[in-house]
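Structure record follows, encoded as structure tokens.
The values are calculated or read from the model by the stated rules, or taken from the named source; none is laboratory data. Keep in mind it's a predicted model, so treat the numbers as computed, not measured. Every residue, glycine as well, gets a Cβ built from its backbone with ideal geometry; the counts of neighbours run over all protein chains shown. SASA here: full protein model, heavy atoms, side chains in, ligands and nucleic acids out. Shrake-Rupley method; radii C 1.70, N 1.55, O 1.52, S 1.80 Å.
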Amino acid sequence: MDVETRNKIEDTVLEILKNANMDEATEFKIRKSASEKLGMDLSEPSRKKFVKQVVESYLAAKQNEAEEDQKAEEEVGEEEEEEEEEDDNRKGDGKEYDDEGGLIICRLSNKRRVTLSEFRGKTLVSIREYYQRDGKELPTSKGISLTPEQWSSFSKSIPAIEKAIKKMESR
């Protein structure tokens, strides 16, 4: 097959592919349509093979484009998520929030903090240790979460706890 014929076939097949419904297109339909457009038999083995190569390289290029687009969208999405997390952490009210949306009441140390959050529709006061992974502070299992009733009971006991601490320290 001469170069001019190859170029004609390739151009025609690519034009058909660009305008085709890819959910319904098959190699056979593309080849048949190109045969009719060009007025030549493309079912002859060498031409059939060439049409198949053109179709496959077109599909591979489209697949690569789709993958690159998806990667670009994921990168943009990740950047937007990071910005949203930073915005969520500030919330504009001067209060600090953790990555899960819990209100940070106080930091007891660089690894421990007291937070107010919602879990399964219940408000909880948590005193917990945290660790860092991928730039995020995540809670460990070391700690305790108290319901508002439990917190109330605990907070009423604070004067007695402080008194006991002073007594132990004076020994």
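What to note about this one:
- Residue within the stretch 80-103 that is open to solvent by less than 100 Å² (accessible area, probe 1.4 Å), farther than 30 Å from M1 by Cβ, modelled with pLDDT of 90 or more and out of contact with any Cys (no Cβ under 6 Å at 6 or more places or on another chain) present: yes
- Any hit, the stretch 158-166, residues being closer than 23 Å to L103 by Cβ and open to solvent by 50 Å² or more (accessible area, probe 1.4 Å): yes
- If the condition is being of a type in the set (A, V, I, L, M) and either within 28 Å of the chain's Cα centre (by Cα) or at pLDDT below 90 (or both), then the stretch 125-171 contributes only L138.
- Residues within the stretch 5-19 that are free of Cβ contacts under 8 Å to residues at least 12 places away in the same chain, more than 20 Å from E44 (Cα to Cα) and either of a type outside the set (K, R) or in contact with a Cys (Cβ under 7 Å, 6 or more places away or on another chain) (or both), tallied: 2
- Residue within the stretch 149-156 that is surrounded by fewer than 11 Cβ atoms within 10 Å (Cβ to Cβ) and not β-branched (V, I, T) present: yes
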